Structure formats: structure tokens, C-alpha cells
Amino acid sequence: MVEHIKVLIVNMNVFPAAMNQNSMARQQISVSFESKNLMPSDDKAIKNFDVMILSDLEHDINLIEALYKFRCHTDIPLIIVSRNDNLLHRLNAFRAGADDFLRADFDIDELVARLRAVFYRYNFRVETDSVSSQQNITSGSTYSLPEGNLKKRKVLFSGYCIDTSTMKLSRLSGGVEHLTNKEIMTLLFLIYNSHRLIRKNELQEHLYNSCSNPRCVDVIVSRIRRKLGDDATYPNIIRTIRGEGYSFVSDFEIEEC
């Protein structure tokens with residue numbers, strides 16, 4: 001079962017007909033609408049949601065100023081929907097703290113995909129940050145996750161399952177693949193950032209604190225591919241973007257344990 005996401009939508013009463021309570025609920029997404037008068041400091045109105053969408057479609061507001069104010073009070077994943085999609089406006093939105101940006105004429109399927117992407121990225125970051133603060137990942141070694149730091153989930157993809165409570169990878173057809181914890185963490189990071197380019201320096205920064213050689217990323221990804229039976233030339237799971245990094249290209253689902 002795909003994990004349910006609660007979304008707070010601010011200042012957007014104009015939206016695609018497909019974006020109604022029932023259609024979104026069928027995709028395991030519940031939506032609530034607030035007016036432009038929602039205060040950034042109103043924790044009670046925000047804390048029960050997983051993702052916020054901030055828009056200028058209903059009322060003409062200064063999105064960049066609103067973004068700065070919200071970011072002073074909350075780190076909730078935040079997607080901007082705006083009529084103004086020129087490059088400078090988009091750049092300013094990201095600088096002010098936006099996690100993603102959509103044009104006003106967005107497609108509902110794209111919105112759902114982006115909601116899930118920012119949700120999983122945020123939850124993965126929170127979980128791995130708590131792990132890293134207690135124990136660094138060192139080059140060439142595995143480590144034990146302190147109990148309770150990672151939410152108990154099963155990540156399903158391409159005939160495999162990762163159990164985050166045990167950090168084990170198994171085949172749905174039966175049997176266990178022996179990946180090191182560093183390989184598992186790399187795979188999870190790519191999954192939770194699926195269908196976008198992950199540069200090698202991102203992987204180094206987030207996962208390999210002691211490794212300054214970018215080749216170590218290539219070696220680890222190569223080992224993961226070999227254990228998953230993924231062909232680097234015709235990949236079904238991890239695609240190489242030559243000279244740049246990697247992208248997780250398989251579909252996946254998240255189940256709560």
C-alpha cells in the first residue's frame with residue numbers, strides 16, 4: 001500500500017477539475033484548502049500536514065516574501081504553484097526555501113508525482129540525519145542503525161523489498177541479497193529521489209562523510225547493480241548519466257510495517 005500524504009493547499013481555489021477530494025483520496029492523498037490569511041506562525045494549522053502547496057492563483061500575493069516567512073517557522077516540504085514561471089522567479093523561489101515549483105497549468109499526474117517525491121525526500125533526510133548524528137558512515141565499512149531511528153517501512157521495487165527496520169534487501173520471489181549498510185543507504189537515497197539526476201557529490205555529501213574520492217560512489221553503485229542484476233547499458237533500476245551522476249528509474253511503493 002502506498003503511504004498516505006496529507007497536503008495543505010494555501011491560496012489556490014482555482015485548480016484542475018481532476019484535483020478534487022475523491023480523486024486525490026484514490027491516490028492516497030488528502031487535501032485541505034486554506035485562504036491567503038493563514039499565518040506562517042500558525043503551527044496548529046500546519047503541523048498535521050506532510051506537504052504544503054503555496055500559490056498565487058486565488059489572490060495576488062508576494063510568493064517570495066511569503067516563502068521567507070513560512071521558512072522562518074516551519075521546515076515542512078513546500079511546493080510553489082505560480083502564474084509567473086520565468087527563470088528569475090523560479091530561482092528566487094528556490095532560494096527562499098521552496099522544495100519544488102509548478103506552473104499554474106500543471107497536470108494533475110505531475111502534481112501527484114512531485115508531491116510523493118518531496119514527501120519521500122523529506123522523510124528520508126530526517127531519518128538519515130538522525131542516524132548520521134550518532135554514527136558516521138566510514139569508507140569500506142558497515143554500521144548498525146540505532147533502533148527506532150528509521151521508520152519501519154518496506155520499500156518495494158523491481159521484484160525486491162527493502163525492510164528499513166532491519167536494513168535488509170530481499171527478493172519478492174524469495175531469498176535475501178547481501179548488501180552492506182552503505183549500499184542500502186545509497187539505494188534508499190536514490191529511490192527517495194527517484195527520476196531525477198543525483199550528482200556524485202550529493203551522494204558523497206549525504207552518505208560518505210569520510211570519502212573524498214568520487215570513484216568510491218561509482219564502485220558502490222556498480223556493486224549494487226551487480227547484486228540486483230541490473231545492466232548498466234540497458235538499466236531497469238539505476239541509470240548512469242555520464243559525467244554527472246545517477247538516477248533511479250524503476251517504479252516503487254512504500255508500505256508502513
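Values in this text are rule-based calculations from the coordinates and carry no lab data. Just so it is clear, the structure is predicted and the values come from calculations on it, not from any experiment. Please note: Cβ atoms are built from the backbone with ideal geometry, for glycine as well, and neighbour counts cover all protein chains shown.
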Amide H within-cut-off set for Glu34, under 5 Å, with H built and near neighbours excluded: Ile9, Val10, Asn11, Met12
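Of Lys69/Lys200; Lys47/Lys168; Lys6/Lys47; Lys168/Lys227; Lys47/Lys154, which pairs sit farther than 21 Å apart, going by alpha carbon to alpha carbon?
As for pairs spanning more than 21 Å Cα to Cα, those are Lys69/Lys200; Lys47/Lys168; Lys47/Lys154.
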First measure r as the distance between the Cβ atoms of Ser165 and Lys227, then evaluate 1/(1 + (r/R0)^6) with R0 = 30 Å and state the FRET efficiency to the nearest 0.05. 0.90
